[in-house]
1. Report, as an integer, the average count of C-beta atoms from other chains found within 10 Å of each Cβ along B:185-198.
2. Mind telling me which of A:65, A:177, A:26 comes out most flexible in a GNM of chain A, alpha-carbon contacts under 10 Å?
3. If a/c stays under 1.5 just call it rounded; otherwise compare a/b with b/c (prolate if a/b is bigger, oblate if not). Do that for segment B:7-76, with a ≥ b ≥ c from the square roots of the Cα gyration tensor eigenvalues.
4. Which residue, A:39, A:104, A:131, tops the fluctuation ranking in a GNM of chain A built on C-alpha contacts under 10 Å?
5. Once the cut-off is 41 Å, how many percent of the Cα-Cα pairs in the protein assembly as shown end up in the long-distance tail?
6. Two decimals is fine: what's Rg over Rh for segment A:83-196, C-alpha atoms, Kirkwood radius as Rh?
7. Shape verdict for segment B:71-127, please, from the Cα gyration tensor: rounded (a/c under 1.5), prolate (a/b greater than b/c) or oblate.
8. Hey, could you pull the Cα Rg and Dmax for chain A, both in Å?
2 protein chains.
Amino acid sequence: MAQEISISVIKRLPRYYRFLENLKDNGIVRISSKELAERMGLTASQIRHDFNCFGGFGQQGYGYNVPELYTKIGKILCVDAGVKTILIGAGNLGKAVASKIFTRQSGFKLVGIFDKNEAISGKIIQGIPVRHTNYLENFCIDNQPVCAVICIPSNDMKELTDMLCRLGIRSFWNFSNFDIAMAHPEVLVENVHLTDSLMTLSFLTSSSKEELEKISSAE
Amino acid sequence: MAQEISISVIKRLPRYYRFLENLKDNGIVRISSKELAERMGLTASQIRHDFNCFGGFGQQGYGYNVPELYTKIGKILCVDAGVKTILIGAGNLGKAVASKIFTRQSGFKLVGIFDKNEAISGKIIQGIPVRHTNYLENFCIDNQPVCAVICIPSNDMKELTDMLCRLGIRSFWNFSNFDIAMAHPEVLVENVHLTDSLMTLSFLTSSSKEELEKISSAE
DNA sequence: TAGATTGTTAATCGATTAACAATC
DNA sequence: TAGATTGTTAATCGATTAACAATC
């Protein structure tokens, strides 16, 4: 009987997917939860528990078939969905992020790029021309994108996300510090807070060893 | 009596810091855990519990003094440490990340940028010239950086991180998929796995509503 | 003083780990 | 069949929430 799926399990799936892709590419066809656990720094128990949320992927006495498991997790993650996606902000971060979306089997398909800087209008990124933000509304009406990637600062984000939600955007990959999920509880949001990540590292790097030991013991 | 500090508390600190900065900038000098909880989408209980890990920041019957709390959390996060930091990889991602490190009070100070692409050697990013990777070893011997930011693909990362660890690097901000923490258990690593984040969003965006309901109920 | 709100402990909830029967 | 390893339940552990005494 399959277990309940929790958000913590889902957050581990992409990492499983990467490791399995690597094993597959190295011609490994079979792996036990024990060996995968060693490679990934997890417990065998957790791996079996995680995979079991989605139904029996393994075989008793044998283990898991790597290519099969890889394909199944890919299906769960909907890597072939090709969700129509727009990118707002074509600075360095936007360009870097565009290449991630463009990656084969990311689950998304980049269909439009927008920036308020007129100087870069018409420039081509990942095969897509940069449009001025003025054209955003009409573009959405015409093309009905489902996902928006936010690579601009937080100023005036409320207006922008209000508009995008009104135009049918249902999910956000948010690199700004604006809290889209609080402003729009009805949409799906995945945040990448670079400054938060950096400050966490600052704490870890600059705290005294004694302080860190207190933490690692609880980790 | 102060509570134990856990990694989950620490991961919340930068967000508290951002919210408090915003409150401070808007001239708000006093806030209760209840009101802060409403603004941040947390429980008042959790906020009091979190702050109490680091000692009493508030006053019964009054609440918390915003500028004071902001300063104290900044101290805990060591935002003024100015840890000497090098950046490996000066592509779009590297450039975007350099600007984050350059931000006032990130806790870090960018002292060197390296890239294996000779064509961009000498280019200036955030006031720092890009050097060819060949100079990395000598630069570290001369300048003793403590933190390295990895903005290159995973290929041959083992060799690179071996060298950096040997040269005294003690913490990594890792944007590659190479698992530094598994290869070097002695160093501190903060990972930003953009592809993992994107695939999590793919799951959330493309899964059926029924599936998501099962999850949100457990969230 | 009375009201408000913290600090702190206890209760609850959920996630991870351990154990083992099922079965390949 | 015997050995290996999963699927699954129970036990443990940790994090969050609730409650309330302390106190400003």
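1. Details: counts 1, 0, 1, 7, 2, 10, 3, 6, 4, 10, 9, 8, 8, 16.
Partner-chain Cβ atoms within 10 Å, mean over residues of B:185-198: 6.
2. A:26
3. Details: a/c = 1.24, a/b = 1.13, b/c = 1.10.
Note, shape of segment B:7-76 comes out rounded.
4. A:39
5. Working: 17183 of 95703 pairs.
Result: 18 percent of Cα pairs exceed 41 Å.
6. Values: Rg = 12.8 Å, Rh = 13.9 Å.
Radius of gyration relative to Kirkwood radius: 0.92.
7. On the way: a/c = 3.29, a/b = 2.81, b/c = 1.17.
It comes out prolate by the Cα gyration axes.
8. 20.8, 63
Quick note: the coordinates plus some simple rules give every number you see, no bench work behind them. All values derive from a computational prediction rather than experimental measurement. As a convention, Cβ positions derive from the backbone with ideal geometry for all residues, glycine included, and neighbour counts pool all protein chains shown.
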